[in-house]
Amino acid sequence: MFQRATFLKDALAQVGIALDVVAITPYKGAFDQLSRSDVSPEARDQIEWLLDSRYAMIIDAIAASRGKTAEQVRTMIDTSPHLDTDALALGYVDALAYEEELPECLKSKHLIDWEQAERRLLIPEPPRRSPYIAIMPITGMMLSGESGGSPIPLPIPLPFVGEETAGDLTIVQQARALLEDKDAAAVIIFIDSGGGSAVAAEAMASALDELAKTRPVIAYMNGVAASGGYMVACPAQWIVAQPGTITGSIGVVAAKPVTGDLETMIGARSVMFKRGANSDLFDTSAPFSESGRAVITASVQHTYRQFIERVAKARKTSPDKIDAVGGGRVWTGAQALEHGLVDQLGDLRAAVAKARELANLPDSVPAFVYESTHRQPIPPSAAKLDPAAHLARTLKTARLTLNGRALTLMPFDLRD
């Protein structure tokens, strides 16, 4: 596994664009890719401890499943890729077979493909007046408005552009609908989000707070539950994370693009008319003024204080202790457990089992992905839009992200 950090500050400078950033600490580096020319010491530390933790998990899991020592697994990894016959001889795989030979190899007469398996796993909506566990997904970048479906791929990856979005209007409506659904005996918040708008995350968390007053709420953190993604887990009475879940990143950042040099380069000239010292706070022609930066800094600090107080209350500890592991620092789920940010390591089945336990439900009570049937339906998936319309939508997402307002957004993507 590896992580490549790419920085675009110098590239943007060539076209007269810069980014003015206000962050709570250097660990909250959500905009480092656009505002720095090289990796910061804090970001380097984070990437190192995340890679160390996840790499150790991979080695331990392979060692346990293949009956090998950790050193043997490291050798296997460092000498890969392997020829099929070598992998078999060394015990890295159990057999060599074509797909047609799988039934005989597995000693099974009935094999189904993945699409058939998915259809069998999809359970119809539960009958009313029957207790069930509702699973409510919160996935993608958090923004004000309605949720958007999985986007079409862009030709090149762009920061904050083209991501699936979790809209506060959609999530709050679903939470309120569940509040009225007496058959939903417990709720699992399925989180896969690196955060986004602080206002959107707070709105979602507030609605989930009300829901948690009426029944058990369990947070399950999937691939990532960081920053705003961690904030929405706070209303839960119990938090389950995968060992490798990217979590934490408790911190706040704000930024705005500065395009004054671009205007000069293309020969544009603008004349400012204003009333009020900070009326041009979000104007992109110049960096934050001294008074404007003070306003943005106060906003970021205020939002951060609220964030750590919310987490401290949820985790039954002090704001100072949360600040010590917060400040934008990112952890794996295993590290988050050590720091007291989650309660249990496990998968979705572990979250379902905990929901049944807290709600005093028998094992026979099912869990369903919740979709409100009596609220305004969520708009069609962005994937159904034509490419031009989708690109316009994703660029709007980027503009809303880079608007100078407080964001609870994780600092980077970590992919295997």
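Before moving on, here are some points about what is shown:
- Highest to lowest packing among 93-104, 250-261, 304-315, scored as the average C-beta count within 10 Å: 250-261, 304-315, 93-104
- T69, T284 arranged by Cβ crowding within 10 Å, fewest neighbours leading: T69, T284
- More than 16 angstrom apart: percent of Cα pairs within the range 39-104: 61
- For K107, a cut-off of 17 angstrom between C-alpha atoms picks up these aspartates and glutamates, skipping any fewer than 8 places away in its own chain: D94, E99.
- For the residue pairs K28/K313; K28/K321; K68/K109; K316/K354; K256/K321; K9/K256, alpha carbon separations beyond 24 Å are given by K68/K109; K256/K321.
- Applying the criteria of a DSSP loop state and at most 15 other Cβ atoms within 10 Å to the GluC sites (Glu not before Pro) of the range 177-282 yields no site.
- Percentage of interatomic Cα-Cα distances in the range 1-90 larger than 21 Å: 53
- Alpha-carbon centroids, the range 37-79 and the range 203-254: separation in whole Å: 26
- Here Y230, Y132 are placed in order of increasing Cβ neighbour count within 10 Å, fewest first, which gives Y132, Y230.
- Packing-based ranking, highest mean first, of 231-240, 191-200 given that Cβ atoms within 10 Å are counted: 191-200, 231-240
- Taking only alpha carbon atoms, the range 155-306 gives an Rg to Rh ratio of 1.10, where Rh is the Kirkwood radius.
Every number in this text was worked out from the coordinates using simple rules, so none of it is lab data. Owing to the predicted nature of the structure, the values given are computational and were not obtained by experimental measurement. Virtual Cβ from ideal backbone geometry, glycine too; neighbours counted across all protein chains shown.
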